[in-house]
Structure formats: structure tokens, C-alpha cells
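The values are calculated or read from the model by the stated rules, or taken from the named source; none is laboratory data. Computed from a predicted structure; not experimentally measured. Counting neighbours? That spans all protein chains shown, and the Cβs are built from the backbone with ideal geometry, glycine included. SASA here: full protein model, heavy atoms, side chains in, ligands and nucleic acids out. Shrake-Rupley method; radii C 1.70, N 1.55, O 1.52, S 1.80 Å.
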Amino acid sequence: MNPTELYKVWAPESSIWSNWVKPVLFAETSMAVASFQHEWRSLNVAWSPSTDAGSAIILDLPEADAVWIAMALAQRGYRPVPLYNGALGPSAIVNVGRIVGALHDEAQTLADLPIAHNAPPVFLLDANRLGGGSFVSPGRFDNRWSVFPQDFPSGNFLLSNGVRFVVLGQLFAGEPQRDLAHVLLRWQEAGIQILACDVQRDAQPELIRVARPGQFRMLWYRALVLAGLRRNSAGGFGAVVPEPSQSSGFS
């Protein structure tokens, strides 16, 4: 598939959730990526609610894990919604190669699944999006990124489309990452219940109360976060960290 065809598989016109699919990883015209196929059909997603339960799901998992679990959920009738917003680049701080490979590898299978036009969404995030402690040094491709409330549907939009609770799937059960908390607390305030679960465990999601993160609803929050990230000319985030300027020491 070419980039446009690939994007349309993951963001079909028939789905109301396609407006939120990020095009960054589909926009590359010369993606030479390795295949990262995964036996996702054997994954245990018994923790997920039925598609008629009024639920949505967020998978905040490292690298391509969210893609593979989303495919297992797609078999149950959920609509995967990739929100990956960090570009592909050499010597990248955030490794998105596996994500790109998985999106390519699973596209045809996804296209063949009979997912309803009004299927509930499963939003896909990379838990390593802020770098995971990787060192930011000159010459590296800084594709760290953050999520903002504008990257998701509003609480009112979710409610108007039948979503009454959201399940957050992570590698641990409990509070979301700080940037995601800005989203989930808004939904919580709108009357949507937030549940969380560890996708590695055979346990049902549990209700959580999202704690108020720093700078919540403050006007400068988005600008403050963006000041520490590098935007990409093709959209999303990603640019080479420049070498520091050197002075000869003479005036």
C-alpha cells in the first residue's frame, strides 16, 4: 500500500473517530521498515468490555504493543485509532520503527475485518513518547511528543456517541502519565468514568480517580510543553538536535 492507502485503512471515512488519527507515521513516502509481525491473535483481551457496553479504550503502551493489542480488540469489534505523533528519523530518541512496521504489517488484516461504522474506539499511544529517559544530544533526531486535550474527542463528543466510561490499558494499573491526565481529568469532569488495568494481568479494570496534574487548564500549559519539543515540517514532532554554536574566544 502507498501512504495514502495505508492511512485510509487506519482512518476510514466511515468512522467518526478517523478525524483524530494522526497522519505523521503514514506521511513518509519512502519508509524502508522491517517487518515486526506478532501473534496478536493469542493475546488475552478478556479484560476489555463488550463493544455494546458504552466504552472506549486507550492503550498507552511502549513501541508497537498498542498496535498488536488493538488488533486483538479489532477482532472483537473495536475501531483502532492511532494517535502516534512522533516522526521517523535517523538516530531517533523515540524508537518508532516497530510502530511503523506494525501499522504496515497489519493494515490488510484490519481492512478485512468487519468493523461496524459506529464501533467504539481504541486510541493508540506510545508510552515512550517523552523519551523514556533517553539522552538528548546534538545530532540525534528528537521526535519526543506529548498528548494534549485537543488530540482527543471532547467529553461531550464521547457522551453524545454513547461512551460512558473509558478503560486505560497500561503495563501497570493506576494513574495515567502526566500528559494523559490532562485529557482524562476533563473527561472525568464531564461525567465519564475512568477505569485502568494492567494488560499483562488477567484482571478486570478498576475505577480510578484521576488526580489533578500540574498546570491543569492553565492557558500557557500547551505553550510550555511545546517549548521543550521539536516540531516536524511534515507534521507532528521530530527534528535533529543542532550542534551548539562555538565561539573562537576572540572579539
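Here are the numbers for the structure shown:
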{"read-out": "Distance cut-off 30 Å, percentage of C-alpha pairs in the chain lying past it", "value": "26 percent"}
{"read-out": "Gained length - ALA211 relative to ALA190, 0.36 nm times residue gap less alpha-carbon distance", "value": "6.1 nm"}
{"read-out": "5 angstrom amide H check on PHE237, placed H, neighbours 5+ away", "value": "GLY86, ALA87, ASN232"}
{"read-out": "Rounded to 5, the percent of DSSP beta bridges in the stretch 150-208 classed as antiparallel", "value": "35 percent"}
{"read-out": "Net charge, ASP65 excluded, C-beta distance under 11 Å - Lys, Arg +1, Asp, Glu -1", "value": "-2"}
{"read-out": "Solvent-free Debye scattering, log10 I(q)/I(0), computed from the Cα coordinates of the stretch 1-142 at q = 0.12, 0.18, 0.22 Å⁻¹", "value": "-0.47, -1.02, -1.47"}
{"read-out": "Distance between modelled label sites at VAL241 and PHE172, nm, 7 Å Cα→Cβ extension", "value": "2.5 nm"}
{"read-out": "Fraction of antiparallel bridges per DSSP, the chain only, in percent to nearest 5", "value": "20 percent"}
{"read-out": "Charged-residue dipole, Cβ positions (Lys, Arg, Asp, Glu), the chain about Cα centre, Debye nearest 20", "value": "680 debye"}
{"read-out": "For the stretch 98-160, radius of gyration divided by Kirkwood radius, i.e. Rg to Rh on alpha-carbons", "value": "1.08"}
{"read-out": "Net dipole in debye of the stretch 142-251 [+1 Lys, Arg Cβ; -1 Asp, Glu Cβ; about Cα centre; nearest 20]", "value": "320 debye"}
{"read-out": "Cβ-based net charge around ILE93, under 9 Å, with every Lys or Arg adding one and every Asp or Glu removing one", "value": "+1"}
{"read-out": "Accessible surface, per residue, of the stretch 32-151 when the full set of protein chains is kept, probe 1.4 Å, Å²", "value": "37 Å²"}
{"read-out": "Whole-angstrom Cα spans of the stretch 41-80 along principal axes, big to small", "value": "29, 20, 16"}
{"read-out": "Cβ crowding within 10 Å averaged over residues, with 210-223, 177-190, 66-79 ranked highest first", "value": "66-79, 177-190, 210-223"}
{"read-out": "Whole-Hz ³J(HN,Hα) from phi, Karplus 6.51 cos²θ - 1.76 cosθ + 1.60, for the stretch 230-236, glycine and proline x", "value": "10, 6, 9, 5, 8, x, x"}
